[in-house]
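Structure first, commentary second.
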Amino acid sequence: MLEKKIMLGKTELSNRLVMAPLCLDKSDRGSVSQKMLTHYDERTEAGYFSDLSSAVKREVSIPVILAGGVKTRRDAEMLLAGDKADLISVGRALAADSSWAVKAMAENV
């Protein structure tokens, strides 16, 4: 279903996968640029905000939570072991699978 072409008015969309244009400042006058593609590509890795969370962690004395791209227990463990944050927030993975936490504890995700 996601890969099925659809028409939106006179515009044909090749699929239904969309990432919100969070960084229009990286576009080329509203068009997709290499800078934008690089930005989105970087957002596919686990803990893609870890550079920011680790910088904050160095400056504050309160726990820091990292969110962004954590899909597996291994991802979370790696980020915690790397001292990127004190806590890991899991959003989309949990929304996609309500049993994610149980599976993560059993190391099945």
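Pairs are defined by a Cβ separation below 7 Å, a sequence spacing of at least 6 or placement on different chains, a first member in segment 49-69 that is free of Cβ contacts under 8 Å to residues at least 60 places away in the same chain, and a second member that is surrounded by fewer than 17 Cβ atoms within 10 Å (Cβ to Cβ) and among the small types (Gly, Ala, Ser); the pairs so defined are Phe49/Ala67; Ile65/Ser89; Leu66/Ser89; Ala67/Ser89; Ala67/Gly91. In summary, helices (runs of 4 or more DSSP H) completely within segment 8-109 and bearing 3 or more residues that are at pLDDT 85 or above and of a type outside the set (Gly, Ala, Ser) occur at 50-59, 73-81, 100-105.
The values are calculated or read from the model by the stated rules, or taken from the named source; none is laboratory data. All values derive from a computational prediction rather than experimental measurement. Counting neighbours? That spans all protein chains shown, and the Cβs are built from the backbone with ideal geometry, glycine included.
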